[in-house]
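Presented below is the structure to which this report refers.
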Amino acid sequence: MAGAFMDVGLGASRRRADELADNYGERFRPTAYLRQLAAAGSGLGGSSARPTERGLGGQGSPDPGQHR
């Protein structure tokens, strides 16, 4: 199984979810929406912004200890 860790992305995730569904039940079956995204080569993120630009780290991010 050399290179298995290099197989990433929505298409690979869809294939793995299908394997899991075949072996362990339909709860693992990917949705039609995820299949459409994988077929189109799209991703799940609606923005091309890097995590620091979306406030998930870096300068200007809220203190993780703060409660809102």
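For Arg27, state whether it is at pLDDT 95 or above and not in a loop (DSSP other than H, G, I, E, B). It is true that Arg27 is at pLDDT 95 or above and not in a loop (DSSP other than H, G, I, E, B).
Working carefully through the options Gly65, Gly45, Gly60, find the one that is exposed (fewer than 10 other Cβ atoms within 10 Å of the Cβ), at pLDDT 70 or above and either of a type outside the set (Ser, Thr, Tyr) or not in a loop (DSSP other than H, G, I, E, B) (or both).
It is Gly45.
Within the set of pairs 6+ apart or on separate chains, which have a first residue in the range 3-32 that is within 14 Å of Gly43 (Cβ to Cβ), a second that is surrounded by fewer than 10 Cβ atoms within 10 Å (Cβ to Cβ) and at pLDDT below 95, and C-beta atoms under 9 Å apart? These pairs meet every condition: Gly9/Gly41; Leu10/Gly41; Leu10/Leu44; Gly11/Gly41.
The values are calculated or read from the model by the stated rules, or taken from the named source; none is laboratory data. Fair warning: this is a prediction, and the values are worked out from it, not measured in the lab. FYI the Cβ positions are ideal-geometry reconstructions off the backbone, even for glycines, and counts take in every protein chain you see.
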